1. Keeping to pairs on different chains or 8 or more places apart, tell me how many lysine pairs in the chain have Cα atoms under 22 Å apart.
2. What percent of all Cα-Cα pairs in the chain falls in each 5 Å bin, counting up from 0?
3. Can you put T68, T54, T122 in order, fewest other beta carbons within 10 Å first?
4. Distance from the Cα centre of the range 94-131 to that of the range 7-83, in angstrom?
5. Rounded to the nearest 500 deg cm²/dmol, what is the calculated helix-only ellipticity per residue at 222 nm for the chain, with -39500 (n - 2.57) per DSSP H run of length n ≥ 4?
6. Starting with the fewest neighbours, write out E147, E3 ranked by other beta-carbon atoms found within 10 Å of each beta-carbon.
7. Is the range 22-62 rounded, prolate or oblate when judged by the Cα gyration tensor, a ≥ b ≥ c being the square roots of its eigenvalues, rounded requiring a/c under 1.5 and prolate requiring a/b larger than b/c?
Amino acid sequence: MDELLAQMPAKLHKRFREIVAVTDAFCGVHLTPEFRDICRELTVVVCAAGLPVTSGKAASWAAGVVGTVGFVNFLGDPSQPHHMTLDEMAEKVGSSPATLHAKAKVIRDCLNIRRMDTRFSTAKMIDENPMVWMVKIGGMICDIRREPRAVQEAALRKGIIPYMPKPSIERSES
C-alpha cells in the first residue's frame with residue numbers, strides 16, 4: 001500500500017484509505033483480487049488527478065471507482081463471469097445508483113476512460129482486445145502476436161505493448 005500512497009499528495013492518504021477500504025471489501029465479496037488491485041490503481045489515479053475526493057462521502061467515490069472499473073471491463077454484460085449491473089454494484093457498495101453513475105461519469109470524463117481502457121482492464125480483457133496488439137511495422141498494421149519474439153521484445157521495450165503476449169498465436173517466420 002505504501003507504493004500506492006507515494007503516488008499521491010500526503011493530504012489525500014487518509015481519504016485514499018477510506019475509499020480503498022470500501023472497494024477492497026466490495027471486490028473481496030463480489031469480484032476478485034485482480035479487480036481489487038485495478039480499483040486501487042484507479043483510486044490512486046483519481047486522487048493524483050486532483051478530483052475532489054475529499055468532498056462527499058468516501059463510499060460515493062468508491063462507488064464511482066467500482067462503477068468505472070465495471071464499465072471498462074463490461075461487467076454489465078451477462079456473459080462476463082462477475083456480471084452485475086451498475087445499479088446492483090451501487091447497492092452492494094452501499095451507494096445509490098444515481099451517485100454511482102454520477103461519480104463514475106466524473107471519473108471517466110476527467111481521466112478520458114473508455115471501454116476496454118488498458119490502464120484499468122483485467123488481463124483477460126487485454127488478452128482479448130485485438131486493438132492492443134495491432135502495431136505498425138514497416139508501414140503495415142499487423143498483429144504483433146504473430147511476429148517473431150525479437151520484434152515483440154522490441155515493442156515491449158518501447159512501451160508499444162503492455163506485456164509479452166502468450167505464445168499461443170501462430171507467428172510469422174523469423
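Where a number appears in this text, it was derived from the coordinates with a stated rule and is not lab data. Just so it is clear, the model here is predicted, and its values are computed rather than measured. So basically every Cβ, Gly included, is an ideal-geometry build from the backbone, and we count neighbours across all protein chains shown.
1. So the count of such lysine pairs works out to 13.
2. 1, 8, 17, 18, 16, 12, 10, 8, 5, 3, 1, 0
3. In order of increasing Cβ crowding within 10 Å: T54, T122, T68.
4. Computed from Cα coordinates, the inter-centre distance equals 10 Å.
5. Theoretical 222 nm ellipticity from helices: -16000 deg cm²/dmol.
6. Least crowded to most crowded, the residues run E3, E147.
7. Judged from the Cα gyration tensor, the range 22-62 comes out oblate (a/c at least 1.5, b/c at or above a/b).
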